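Colleague: Take a look at the following structure, please.
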């Protein structure tokens, strides 16, 4: 093997789920590569990957209605739902591989069975949910999905959603018993522990200020840490720093970042830890976003298990701040403006006036108004049981064509650098996203990696959606390994 391949230096900027996932994959494939993780804060997963900074949904499109839009003729487009589910299965397979090989001793530390529900009211929404159910129920990745418009049945699934209602309004829900709640903060720590145990280094309080490539062909990474200024070189750099990714990729001056901008959005949840309330709702129940609301405003009432204790969270309540990180600067947005992205950013501003007005209204929304939204889901909620928590900051992608993208965008360069922009479903699909980064950035090694990759992730490169038997076998195997509920046999066939 080429000695240059054997001695590659890898720098991962950001101590979240993306860097941890990429590091584990690369270390398994190339044990001799030197990996260094640089984290700006004093701990791992303190921003978007932290358990209180996201909903913790194992995004598999079992309940998220924004992944299944209605077409003009009333039929349901399930293509995005199938894609997201397929991607989550790849993540589950990587985690299972690590459990089977003793790298993760106790999967219950980060993943738990939590049924996934969709819940709607009003005749039009009930009709939509029924059509969605019909479109998904026989698909091999959605086997076991149930539908009901009977309040008694919905009450069995999730009592809090029904108690206190008049009974006059049409209601409907879908229920899947094999959904999951994932603590991505704990998972990040487990993956990073694996990295360190096999020789990688992690440096905290290390703030990267500049990333650039020099004439010698290597990347130079510099900034400040607790000892003062630092300077590292690397053959490959991954910028998995959440909202910090855009400005650092801009400093790299790669052509692929030209025209990209960011639209920061903050979020809040209401949370209760009252055992008498929490014990009555064991599900992640997603509703429909209000007309004119962005996808990241889909309301949901979620079971969360953090540090072994159960909680309920309701939200999110979208807001706005110019910060790109929860612990960022009020100048982040303004510093990100360049000549090449000013046009796309102005185009987004002009074409998204309703979104701007919507966010302005939310910024000034009173606590009482936010609580009323909770009572639409949970009519008997008592305000004294709930507290406000601030979630992670998200930077939605502004593309060079002037469109606002609510999702993730992989930026890669043939020069040996990559980064990730955007948000949900992010963490749940970290494995396929990082595989995409690897395929683009390590073309010289990609063919040689295939045998090992298929050992780690057996269905990688194939379609579970087109192979019902393999889909069932794969989901059952990973469920058993991770200690979660496997999807039932297709009760609708």
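Values in this text are rule-based calculations from the coordinates and carry no lab data. If you're wondering where the values come from, they're calculated on a predicted model, not measured in any experiment. FYI the Cβ positions are ideal-geometry reconstructions off the backbone, even for glycines, and counts take in every protein chain you see.
Colleague: When DSSP beta bridges are limited to those with both residues in the chain, what percentage is antiparallel, rounded to the nearest 5?
Modeller: Numbers: 60 of 78 bridges.
Percentage antiparallel, nearest 5: 75.
Colleague: Could you please state, rounded to a whole Å, how far the C-alpha centre of the range 458-488 is from the C-alpha centre of the range 139-166?
Modeller: The two parts, judged by their Cα centres, are 25 Å apart.
Colleague: Cut-off is 10 Å between beta-carbons; in what order do 482, 421 appear when sorted fewest neighbours first?
Modeller: Working: 482 21, 421 25.
Exposure proxy ranking, most exposed first: 482, 421.
Colleague: Also, quick follow-up: Order of 449, 330 from fewest to most other C-beta atoms within 10 Å?
Modeller: Fewest-to-most ranking of 449, 330: 330, 449.
Colleague: Roughly what would the spin-label model give for residue 467 and residue 376, points 7 Å off Cα along C-beta, in nm?
Modeller: That separation, rounded to one decimal, is 4.3 nm.
Colleague: Measure out, as a whole number of angstrom, how far apart the alpha-carbon centroids of the range 15-52 and the range 372-418 sit.
Modeller: 21 Å
Colleague: Cα gyration tensor of the range 142-278, axes a ≥ b ≥ c as square roots of the eigenvalues: rounded (a/c below 1.5), prolate (a/b > b/c) or oblate?
Modeller: It is prolate, given that a/c is not under 1.5 and a/b is the larger ratio.
Colleague: Based on other C-beta atoms within 10 Å, arrange 24, 485 from fewest to most.
Modeller: 485, 24
Colleague: Simple spin-label model, 7 Å along Cα-to-Cβ: residue 331 to residue 229 in nm?
Modeller: With each label point 7 Å from Cα toward Cβ, the separation is 1.9 nm.
Colleague: Where does each of 381-392, 11-22 land if you order them by average Cβ count within 10 Å, highest first?
Modeller: Descending packing order for the listed peptides: 11-22, 381-392.
Colleague: So, one more: Counting alpha carbon pairs within less than 8 Å and at least 6 residues apart, what relative contact order, in whole percent, applies to the chain?
Modeller: 23 percent
Colleague: Once the Cα gyration tensor of the range 349-453 is diagonalised, what are the square roots of 5 times its eigenvalues, in whole Å and ordered largest first, as equivalent ellipsoid semi-axes? List each step's numbers first, then the result.
Modeller: Values: eigenvalues 324, 83, 19 Å².
The answer is 40, 20, 10 Å, longest axis first.
Colleague: Listed highest first by mean packing, meaning other Cβ atoms within 10 Å per residue, what order do 219-231, 141-153 come in?
Modeller: Result, highest mean first: 141-153, 219-231.
Colleague: Additional query: From the helices alone, meaning DSSP H stretches of at least four residues, give me the mean residue ellipticity at 222 nm for the chain, per-run term -39500 (n - 2.57), in deg cm²/dmol to the nearest 500. Write out the running numbers ahead of the final one.
Modeller: On the way: 15 runs with 163 residues, N = 493.
Computed ellipticity for the chain at 222 nm equals -10000 deg cm²/dmol.
Colleague: Give me the extension gain from residue 196 to residue 387: residue separation times 0.36 nm, minus the current Cα-Cα distance, reported in nm with one decimal.
Modeller: Numbers: separation 191, 0.36 × 191 = 68.76 nm, distance 3.71 nm.
Using 0.36 nm per residue and subtracting the Cα-Cα distance, I get 65.0 nm.
Colleague: Here's another thing I want to ask about it. Over what distance in Å are the Cα centres of the range 271-333 and the range 184-223 separated?
Modeller: 29 Å
Colleague: Moving to a separate point now. Which of the three applies to the range 8-151, rounded, prolate or oblate, going by the alpha-carbon gyration tensor with a ≥ b ≥ c and a/c under 1.5 meaning rounded?
Modeller: Values: a/c = 2.43, a/b = 2.27, b/c = 1.07.
Prolate.
Colleague: Related question: Among rounded, prolate and oblate, which fits the range 1-90 when a ≥ b ≥ c are the square roots of the eigenvalues of its C-alpha gyration tensor, a/c under 1.5 means rounded, and a/b larger than b/c means prolate? Present the calculation step by step, with values, prior to reporting the outcome.
Modeller: On the way: a/c = 3.92, a/b = 1.86, b/c = 2.11.
Judged from the Cα gyration tensor, the range 1-90 comes out oblate (a/c at least 1.5, b/c at or above a/b).
Colleague: While we're here: What distance in nm lies between label points placed 7 Å from Cα along the C-beta direction at residue 276 and residue 476?
Modeller: 4.4 nm
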